[in-house]
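Have a look at the structure below before the remarks.
Read the figures in this text as sums done on the coordinates, not as results from a lab. Keep in mind it's a predicted model, so treat the numbers as computed, not measured.
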Amino acid sequence: MSELKYCQGPRCHTYDTKDRKRGPKDNKRNETRRRSSFYYLDGNACSMQCMYDWFNVYGSRALDHFGRITQPKVLTQDNAWRVHYDWRSREDGGYRHYVYNYLTDERIPLTEDQYNNDNAIVDDQGRLTTREFYTPTI
Ligand SMILES: [Zn+2]
């Protein structure tokens, strides 16, 4: 069983729901939610409200700590690659997979296995990492 953790929303305990209530009748209190997993804030907040509460309190400090963007990021022909597929685009009903360049409209066909191995084709900066995947037949 996975370990329980608390929602990191700084106001989580202030939202009045049954599952937050603890204690006997004469000493009722609401507590921060505790779960084995959360969906929001990368697994650290129980709700969208708690996620926004966290960001409103800590967001600017987090940006200052990790570094703000001080110059524009730029999409060029070199980092404009994305993996794509066209739904049921083949005559047999299959999908046509390819890498696509948003700036040049260039398409390079991929097999489905290559498509599913997208980290090896387009890196997280949008660069085409290798053209060994090029398959001239489609
Ligand atoms: Zn919460």
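Computed from Cα atoms, the angle from the helix 48-66 axis to the main principal axis of the chain rounds to 70 degrees. With 10 Å bins beginning at zero, the pair-distance distribution over Cα atoms of the stretch 1-63 amounts to 23, 46, 24, 6, 0 %.
Per-residue ellipticity at 222 nm computed for the chain from its helices equals -5500 deg cm²/dmol, with DSSP H segments shorter than 4 residues left out and the rest contributing -39,500 (n - 2.57). Within the same chain, lysines fewer than 8 places from Lys28 are excluded, and of the rest, those with a Cα less than 24 Å from its Cα are Lys5, Lys18. Only aspartates and glutamates eight or more places from Lys73 in sequence, or on another chain, were considered; those with a Cα closer than 20 Å are Asp64, Asp123, Asp124.
Note on the stretch 82-122: Kirkwood hydrodynamic radius from all Cα pairs is 10.4 Å, rounded to one decimal.
Radius of gyration (Cα atoms) of the chain, expressed as a multiple of 2.2 N^0.38 Å: 1.64. Taking all Cα pairs closer than 8 Å and separated by 6 or more residues, the relative contact order of the stretch 1-69 comes to 34 percent.
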